[in-house]
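The structure appears below as structure tokens.
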Amino acid sequence: MSDAPQRFDAVIVGAGFSGMYMLHRLRELGFSCHVLEAGDGVGGTWYWNRYPGARCDSESMYYSYSFSSELEQEWNWTERYPGQPEILKYLNHVADRFDLRRDITFDTRVNAAHYDEAANEWTITTAAGDTLVATFCIMATGCLSSPNAPGITGLDTFEGATYHTGEWPHEGVDFTGKRVGIIGTGSSAIQAIPLIAEQAEHLTVFQRTPNFMVPAHNGPLDPEFERDWKADYAEWRRKGRESFGGFPYPAGNRSALELSAEEQLEAYEEAWKIGGFRFLSTFYDLIINEDANETAAEFVRSKIAQIVKDPETAQKLMPRDYPIGTKRLALDTHYFETYNRDNVTLVDIKTNPIEAITPSGIRTADDEHTFDAIVFATGFDAMTGALSKIDIRGRGDLALQEKWEAGPKAYLGLGIAGFPNLFTITGPGSPSVLSNMPVSIEQHVDWIADCLVYLRERNVVAIEATVEAEEAWVAHVNEVAGFTLFPRANSWYIGANIPGKPRVFMPYVGGVGPYRARCNEIAAKDYDGFALTSV
Ligand code: FAD
Ligand code: N01
């Protein structure tokens, strides 16, 4: 980049699913825009998370863009759930097909974004000190893009290799003959563990909280299934958009509690056979009624007891402290079976806590473990982490970090009071991580694109969420969460995985369909809840 700041209508930060589509939309609408991306390629999540077994839990036919029917028809997925390399290939194909790269600068981390009130413009500063100036600043920085490396004592003293699943080396890692420790048993770990166990001499898993999971049943995509989808893609997409979670299958319409134990069992067995997230749609009340939830939780625990041969290990693997589905459900491919291997050990760090990382491994209260490598599958500073790492300042030099000190506040997860012309794609207060994310991402991008056209047509130069609208939305987000069992879990949805992070339930659980309708209604009412400033 040259020394003089380049000027754009919009600067977009991030080149994952969100930033790529945002660029495409705005460019087509005649806005000048540019994307800044920390990685050296497109793909976001699928660029960074290259750990063994990395794969999507959403099915390939709907974990994809819907904006181009040509793209939908020409791309052929190979498996029921796409693996990381295939999604990355897809996103690279999208970048090429829509000629996106010419407006993306890679290897460029944004450190600051400051709003100049007098000039009504954002100055975006990169780590290298370059600046770009734009009327609109759009954060497409991702909800799960700021890896959480836990501050365990002695971390820097370890003499072996360390890896974080969210920053995996591009060349891969060969664990053959190695003694490996892995910390964490979330979605990333449960995909990596079976594959690392196949390679390593020994794998020790450090589990803080056991995880509920249901089988993925991945396999090659049936060509007939793919043909059927492609013949009716628009209808499948409509179902996804109008659904609760962005998944195109029906929500449960029965209560678990209206059935006998035998009938419940039959329903759960059926869902278990199908596999995937729809397990939680077996009954409509699993996420809102504790007794209903317990029937599903108990069913999964009974499956763990059947699969894991050592009863003590099976007991350790059974989640008991939180309702099923209130921490992100994981999809299992040979995870529980892995504990039947001789070269795998499970350490329950709730009863036997990690005291320190030592030069040779990990010391727990009861034991000393020697490792050649430690894998951190410890997740992300979710939803706010990537935004908090950027020095974002709005009107009156207000820092976003300061505004969000007690927890994030945003209107619809799209706009923030005090930060005119700043948009967040899938920000806190939107369904985002509780949904099949491409559906939520496309909805946000389309809403922002339509909004910018509206402003342009009316000579409106600034749009900003009002404090009243923001407060009311945050109260609504909390109220809806309070109707569910979600707040019962110490999940990353409430920031519980990051020491010191305010405990606030961040995503909106009202459902992507109703949320979309609300966003459309607000736009139709001339952006109700936003203050508009005209020239
Ligand atoms: P990201 O893909 O996270 O992209 C954000 C980009 O912004 C990154 O490339 C990052 O480098 C860049 N960035 C961030 N900060 C800066 C900065 N300061 N300067 C410059 N660039 C910056 N969702 C589902 O719906 N279904 C799934 O099955 C599913 N599986 C997942 C599996 C894994 C391992 C993970 C981590 C997430 C998964 N997700 C899943 C969520 C996934 O994040 C979204 O589906 C989607 O990829 C998000 O796209 P995005 O563009 O919004 O964010
Ligand atoms: O991270 P996580 P993830 N000491 O936060 C433990 C998406 N995703 O990368 O539960 C010891 O879920 C932590 O323990 P606890 C998906 O949305 C999707 O696995 O906090 N342990 C937990 O076991 C997912 O939810 C897919 O008690 C510590 C683990 O580390 C999200 O990304 C695949 C610790 C972290 O689990 C994040 O998943 C992968 C500490 N200090 C990811 N800190 C698919 O769709 C944390 N832990 C396939």
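The values are calculated or read from the model by the stated rules, or taken from the named source; none is laboratory data. Quick caveat, the model's predicted, so the values are computed rather than measured. Positions of Cβ are generated from backbone atoms using ideal geometry, with glycine treated the same way; all protein chains shown enter the neighbour counts. These area figures cover heavy atoms from the full protein model, side chains too; ligands, DNA and RNA do not enter into them. Shrake-Rupley method; radii C 1.70, N 1.55, O 1.52, S 1.80 Å.
In the chain, the longest principal axis of the Cα atoms and the axis of helix 512-524 are about 10 degrees apart.
Net charge in the neighbourhood of Ala251 (other residues with Cβ under 13 Å of its Cβ; Lys, Arg +1, Asp, Glu -1) is +1. Ser32 contributes an accessible area of around 50 Å² to the protein surface, as traced by a 1.4 Å probe with all chains present. Dipole check for region 278-433: with +1 at the C-beta of Lys and Arg, -1 at the C-beta of Asp and Glu, and the Cα centre as origin, the magnitude is about 680 Debye. Note on exposure: Lys273, Lys525, Lys178 ranked by accessible area (1.4 Å probe, complete protein assembly) read Lys273, Lys525, Lys178, with the most exposed listed first. For the chain, the longest principal axis of the Cα atoms and the long axis of helix 261-274 meet at an angle of about 70 degrees. Note on exposure: Thr185, Thr533, Thr153 ranked by accessible area (1.4 Å probe, complete protein assembly) read Thr153, Thr533, Thr185, with the most exposed listed first. Test of the criteria: in region 374-468, which trypsin sites (Lys or Arg not before Pro) are in a DSSP loop and have at most 15 other Cβ atoms within 10 angstrom of their Cβ? In loop regions of region 374-468 (DSSP not H, G, I, E or B), the sparsely surrounded trypsin sites (Lys or Arg not before Pro) are Arg458.
Let me make sure I get this right: for region 155-376, a, b and c are the square roots of the gyration tensor eigenvalues over alpha carbons, sorted descending. Under 1.5 in a/c it's rounded, otherwise prolate if a/b > b/c, else oblate. Which is it? Prolate.
For the chain, the 222 nm mean residue ellipticity estimated from helices alone, with every DSSP H stretch of n ≥ 4 adding -39500 (n - 2.57) and the total spread over all residues, rounds to -9500 deg cm²/dmol. In a reduced charge model with +1 at each Lys and Arg Cβ and -1 at each Asp and Glu Cβ, the chain shows a dipole moment near 360 debye about its Cα centre. Under the rule a/c < 1.5 gives rounded, and otherwise a/b versus b/c splits prolate from oblate, where does region 199-289 land using the Cα gyration tensor? It comes out oblate by the Cα gyration axes. Within region 388-454, the GluC sites (Glu not before Pro) that combine a DSSP coil assignment with at most 16 other C-beta atoms in a 10 angstrom radius are Glu405. Near Ile274, once Lys and Arg are set to +1 and Asp and Glu to -1 for all other residues with Cβ below 15 Å from its Cβ, the sum equals -3.
For the set Ser260, Ser64, the ranking by accessible area, highest first and with no ligand, DNA or RNA atoms included, is Ser260, Ser64 under a 1.4 Å probe.
Dipole check for region 155-376: with +1 at the C-beta of Lys and Arg, -1 at the C-beta of Asp and Glu, and the Cα centre as origin, the magnitude is about 460 Debye.
Summed over the residues of region 155-376 and divided among them, the accessible surface reaches 47 Å² per residue at a probe radius of 1.4 Å. Can you find, among Tyr115, Ser18, Ser534, the residue farthest towards the positive end of the dipole of the chain? Put +1 on the C-beta of Lys and Arg, -1 on that of Asp and Glu. Sorting the options by dipole projection puts first Ser534. The alpha carbon centroids of region 282-357 and region 457-486 are separated by 36 Å. For the chain, the share of accessible area belonging to carbon and sulfur comes to 48 percent (1.4 Å probe, ligands and nucleic acids excluded). Helix 17-28 axis versus longest C-alpha principal axis of the chain: approximately 20°, rounded to the nearest ten. Since only Asn49, Ala267, Ala128 are under comparison, the one whose Cα sits farthest along the positive direction of the charge dipole of the chain, derived from C-beta charges on Lys, Arg, Asp and Glu, is Ala128.
Length gained on full extension, Ser32 to Asn459, computed as 0.36 nm times the residue gap minus the Cα-Cα distance: 152.1 nm. Applying a DSSP loop filter and a limit of 15 other Cβ atoms within 10 Å to the GluC sites (Glu not before Pro) in region 270-363 leaves nothing.
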